[in-house]
Amino acid sequence: MPAKKSTLSPKLKMLLDVAPLAAFFIGYQLGDLMLATALIIAATACSLIVTYAVERHIAKSPLISGILVAVFGGLTLALDNELFIKMKPTILNLLFAAILLFGVYMHRKGWLKFLLDMAMSLTEEGWRKLSRNWGLYFLFLALLNEIIWRNFSTEFWVDFKVFGMLTCTVLFTLSQYPLIKKYSVSPSQSV
């Protein structure tokens, strides 16, 4: 009999998802952007380590994000230049947009299910439409990040990164519920 795969409890998963962002915000409030950057690197690494220790697997999206946090955060700290950490959300969102939109328009595939390791089943048309919508949303976030970090104070950008992007993402996610409902299938029916 195969060993049962361990999974994170929903509460622990949520904690691991928000801990790096919370560490970033607290670091900025207690110090500056350099402290915030060091804390988000450490919290992201801890989150990935705990996830791997429990599940023996890390989804592609948090892994890609973690690598970019380490690279751009490391550059920010090593070069003492906040430009790199401010550009990280733009680059991450452009990367996700490129992957999703390339899949939709060049391969006619909805790659969102592979990128995020989604735990739901949709028809292929549903995955394409959801991937397209998220790809366009990621483009929007990249553009919004560029506008904000280039035109507003660092404090405003930090607040936007922590609260604005999260709020936008929650609202966008909720807006996708009708599409998900329309194209949902039982796991045995999905292709």
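The values are calculated or read from the model by the stated rules, or taken from the named source; none is laboratory data. Here the structure is a predicted model, which means the values were calculated and not measured. Virtual Cβ from ideal backbone geometry, glycine too; neighbours counted across all protein chains shown.
When every residue of the range 21-37 is checked against the conditions, none turns out to be small (G, A, S) and over 25 Å from I147 (Cα atoms). Pairs linking a residue in the range 67-94 that is at negative phi to a residue that is surrounded by fewer than 16 Cβ atoms within 10 Å (Cβ to Cβ), with Cβ atoms under 7 Å and 6 or more positions apart or on different chains, are L68/I91; E82/T154. Restricting F160, F102, F172, F140 to residues that are assigned to a helix (DSSP H, G or I) and buried (at least 19 other Cβ atoms within 10 Å of the Cβ) narrows the list to F160. If I filter the range 114-135 for residues that are among the aromatic types (F, W, Y), buried (at least 18 other Cβ atoms within 10 Å of the Cβ), within 19 Å of the chain's Cα centre (by Cα) and under 26 Å from G73 (Cα atoms), do I get at least one hit? The answer is yes, given that some residue of the range 114-135 is among the aromatic types (F, W, Y), buried (at least 18 other Cβ atoms within 10 Å of the Cβ), within 19 Å of the chain's Cα centre (by Cα) and under 26 Å from G73 (Cα atoms). For the range 116-137, a residue qualifies if it is touching a residue at least 60 places away in the same chain (Cβ under 8 Å) and assigned to a helix (DSSP H, G or I), and exactly one does: E124. The condition (being part of a helix (DSSP H, G or I) and either over 18 Å from T173 (Cβ atoms) or out of contact with any strand residue (DSSP E or B) (no Cβ under 8 Å at 6 or more places or on another chain) (or both)) is satisfied by just one residue among K109, K113, K88: K88.
Within the range 82-97, restricting attention to residues that are farther than 12 Å from L143 by Cα and surrounded by 21 or more Cβ atoms within 10 Å (Cβ to Cβ), the residue that is nearest to the chain's Cα centre (by Cα) is F96.
The rows are residues; the columns are (1) under 28 Å from W111 (Cβ atoms); (2) among the aliphatic types (A, V, I, L, M).
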{"position": "L8", "(1), (2)": "yes, yes"}
{"position": "L12", "(1), (2)": "yes, yes"}
{"position": "L16", "(1), (2)": "yes, yes"}
{"position": "P20", "(1), (2)": "yes, no"}
{"position": "Q29", "(1), (2)": "no, no"}
{"position": "C46", "(1), (2)": "no, no"}
{"position": "Y52", "(1), (2)": "yes, no"}
{"position": "G66", "(1), (2)": "yes, no"}
{"position": "A70", "(1), (2)": "yes, yes"}
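Here are some conditions: (1) of a type outside the set (A, V, I, L, M, F, W, C); (2) assigned to a helix (DSSP H, G or I); (3) touching a residue at least 12 places away in the same chain (Cβ under 8 Å). Q29 meets all but one. Which one does it not meet? The failed condition is (3). No other residue among P62, P20 is modelled with pLDDT under 95, within 28 Å of L83 (Cβ to Cβ) and buried (at least 18 other Cβ atoms within 10 Å of the Cβ) apart from P62.
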